[in-house]
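The values are calculated or read from the model by the stated rules, or taken from the named source; none is laboratory data. Remember, it's a predicted structure, so these values are computed and weren't measured experimentally. Don't worry about glycine lacking a Cβ; one is built from the backbone with ideal geometry, like all the others, and counts go over all protein chains shown.
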Amino acid sequence: MPTESRARWRRVRSVGVWTGRIVLALLAPLLLVVLIGFSVLALLRERAGRTAAAPSTGRFVRAHDVDVFLQESGPPSGPPVLLIHGTGAWSEIWRETMTALAESGYRAIAIDVPPFGYSEKPRGAAAYAREIQARRILGVMDALQLPKSILVGHSVGARPTIEAALAAPERVQRLILVDPALGFAPDGKGFQQNDPSWAVRTLFGLRPLRFAAIATGGTNPLLTRSLFESFVSRKDAVTAARVAMLKRPMSVAGTTDGYADWLQVLVVERDASLASDFSRFRTLPMPVSILWGSTDTVTPPWQGERLHELIPQSTLTVLDGVGHIPYIEDAAAFHRELLGSLRAP
């Protein structure tokens, strides 16, 4: 490169570097104001006591170490079906499924998995380890005096669901996994342990910083619809009523802190649970049904095929034209397959 061209390139690069620094210097205060602003809004919004704010359609039970909110539908003597939701949801998201199960004679029990919904929100990331969450699922069964139950776990909620099935297989009559987010490695050969960057560790290591980040991008009601839409293929499933439903528990005290602790386990901490060893899936003795949306981009369908291979006694059903939350995207098709799975030998 000629000397003149090299000199010109150095000047252009220097201008670019300084322009970037100036832009960053201008944007940093704005970002700080945004983070502080949404943190303050979260603190002002999250003032309601969980027991006072909880809907009258449900109740609290003591499950292992926390109070868990749950809702039920169907005959008390019917076969119990315990419904475990995924990220950012709560028991009410299963309402249509609960009705379908009740009409078919099942006792549907939907729980709020801590820290979501109205359940107790213990402090500290350790409180949300997969094995602790599994004990809470089994604790709900203890509180309801259920020796055995059918477990239905969706998305990230499938992690403690499988953990419970591995820890106490004699108590799980049947296991149904709906688009489970189990942490498959990209090559599909096993579980991928967290390997967070320095920036991510710093974010979650400083409580005020992670609170601000979650208040801005996680529990911010202004983003509820867009976050919800990112999980589904059928955008018309994200109705105003469903968005309002997801927002309802966001007034409960400790919500943002709870989300931050839970998310730290999901993206930062190492997982020592039974279910982090995928080879254990072959030991599951109960019938396992896997239901998967064909257009799921959160947990792509290849993960369902791999999971089906890992669990010899499993069945895999792919639901056409739906994404990560099939029970709201095409409730009729999902309930048909769910009930079919429950009636299978």
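Conditions (1) at pLDDT below 95; (2) touching a helix residue (DSSP H, G or I) at 6+ places or on another chain (Cβ under 8 Å); (3) acidic (Asp, Glu), marked per residue:
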| residue | (1), (2), (3) |
| --- | --- |
| ASP112 | no, yes, yes |
| SER119 | no, yes, no |
| ALA127 | no, yes, no |
| MET141 | no, yes, no |
| GLN145 | no, no, no |
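Collect the residues in the stretch 229-256 that are under 16 Å from the mean Cα position of the chain (by Cα) and of a type outside the set (A, V, I, L, M, F, W, C), keeping them in residue-number order. Of everything in the stretch 229-256, those that are under 16 Å from the mean Cα position of the chain (by Cα) and of a type outside the set (A, V, I, L, M, F, W, C) turn out to be GLU229, SER230, LYS247, PRO249, THR255, THR256.
Scanning the stretch 126-136 for residues that are within 15 Å of the chain's Cα centre (by Cα), outside any loop (DSSP other than H, G, I, E, B) and not basic (Lys, Arg) yields TYR128, GLN133, ALA134. Does THR295 satisfy the criteria of being in a loop (DSSP other than H, G, I, E, B), buried (at least 20 other Cβ atoms within 10 Å of the Cβ), out of contact with any His (no Cβ under 6 Å at 6 or more places or on another chain) and not charged (D, E, K, R)? No, not satisfied. Hey, among SER155, SER149, SER197, SER226, which residue is over 15 Å from the mean Cα position of the chain (by Cα) and in contact (Cβ under 8 Å) with a residue 60 or more places away in the chain? Every option except SER149 fails the conditions. Taking the stretch 91-120 as the range and being in a helix (DSSP H, G or I), over 13 Å from the mean Cα position of the chain (by Cα) and not small (Gly, Ala, Ser) as the test, the residues that pass are GLU92, TRP94, ARG95, GLU96, THR97, MET98, THR99, LEU101, GLU103.
Regarding the stretch 317-340, can at least one residue be identified that is of a type in the set (Val, Ile, Thr), within 13 Å of LEU175 (Cα to Cα), crowded, with 16+ Cβ neighbours inside 10 Å and out of contact with any Phe, Trp or Tyr (no Cβ under 7 Å at 6 or more places or on another chain)?
Applying the first criterion (of a type in the set (Val, Ile, Thr)) to the stretch 317-340 yields 317-318, 322, 325, 328.
From what's left, within 13 Å of LEU175 (Cα to Cα): none.
No; the residues of the stretch 317-340 include none that is of a type in the set (Val, Ile, Thr), within 13 Å of LEU175 (Cα to Cα), crowded, with 16+ Cβ neighbours inside 10 Å and out of contact with any Phe, Trp or Tyr (no Cβ under 7 Å at 6 or more places or on another chain).
With in contact with a strand residue (DSSP E or B) (Cβ under 7 Å, 6 or more places away or on another chain), closer than 17 Å to GLY258 by Cα and surrounded by fewer than 21 Cβ atoms within 10 Å (Cβ to Cβ) as the only criterion, which of ALA48, ALA102 stands out?
Details: ALA102 fails: closer than 17 Å to GLY258 by Cα.
Matching residue, one of ALA48, ALA102: ALA48.
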